[in-house]
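Each remark here refers to the structure printed beneath this line.
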Amino acid sequence: GRDAQIKMRERILDVDVDLSGTIDFEEFLQLLRLYVEDQEQQSLAVIVRGIRASKFDKIEVMMLQEVFANKSTDIGGVPPLDVQGMLQAAGMILQRPQKELLQKVVTTRSDHEGKLTFESFLLVLRELQDAGFEGVKNVEFFCGRRW
């Protein structure tokens, strides 16, 4: 949008050190670096918001991050069916009502590619805990299971 255009113009002015009105290759590389840094900051902010909203403590987040990393096939996150498999591997017996709630929660939290990011995974687990899912209540037990 318009804000992105304004930000890009500001960034170009930041890197155009010779004030030529154009950017040479070195200035372009600096612009690219600034863009990547901006993207990383935005991604980090999203992750931090998700962690805070999940209300898990630091140790729980670290344990859940390991579980998530073991199931994540790529940078994009985990497919919703993997979440069900993770819960079942943790010893949860999912009856129809639990499967339906899980599907609803996962669908709500999935990104445009249908995958769960780590922060969305935390929020799914929080919602399941709040809904009374046995087996998710104890994060140490959940994380201690073999995947």
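The values are calculated or read from the model by the stated rules, or taken from the named source; none is laboratory data. Values in this document were obtained by computation on a predicted structure and should not be read as measured data. Ideal geometry is used to build each Cβ from the backbone, glycine not excepted, and the neighbour counts take in all protein chains shown. In case anyone asks, the SASA skips ligands and DNA or RNA and just uses the protein heavy atoms, side chains included. Shrake-Rupley method; radii C 1.70, N 1.55, O 1.52, S 1.80 Å.
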Estimated FRET transfer efficiency (Thr108, Ile47; beta-carbon r; R0 25 Å; 0.05): 0.85
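One-quarter of the Cα convex hull surface for the chain, in nm²? Can you show the working numbers first?
On the way: hull surface 44.1 nm².
Reported value for the Cα convex hull: 11.0 nm².
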What is the dipole size for the chain, taken about its Cα centre, with +1 at each Lys and Arg Cβ and -1 at each Asp and Glu Cβ, in debye to the nearest 20? 1040
For Glu127 the rounded accessible area (nearest 10 Å², probe 1.4 Å, non-protein molecules ignored) is 60
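Rounded to a whole number, what % of the accessible area of the chain do carbon and sulfur atoms account for, probe 1.4 Å? All intermediate terms of the calculation are to be shown ahead of the outcome.
Details: 5360 of 9890 Å².
Within the chain, the accessible surface is 54 percent carbon and sulfur.
Applying 1/(1 + (r/R0)^6) with R0 = 22 Å to the Cβ-Cβ distance of Val36 and Lys58, what FRET efficiency is obtained, to the nearest 0.05?
Numbers: r = 27 Å, r/R0 = 1.24.
Once rounded, the FRET efficiency stands at 0.20.
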Check the straight Cα-Cα distances from Lys71 and name the aspartates and glutamates below 16 Å, setting aside those fewer than 8 residues away within the same chain. Asp82, Glu119
In whole percent, what relative contact order does the chain give with Cα contacts below 8 Å and a gap of six or more residues? 26
For the chain, set up a GNM with springs between Cα atoms under 10 Å and report which of Thr117, Thr107, Thr22 has the largest fluctuation. Thr22
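Residues of the chain: accessible area per residue at 1.4 Å, in Å²?
Per-residue value: 67 Å².
Would the stretch 1-41 count as rounded, prolate or oblate if I go by the C-alpha gyration tensor, calling it rounded below 1.5 in a/c and otherwise prolate when a/b exceeds b/c, oblate otherwise?
Working: a/c = 2.72, a/b = 1.32, b/c = 2.06.
Cα axes put the stretch 1-41 in the oblate bin.
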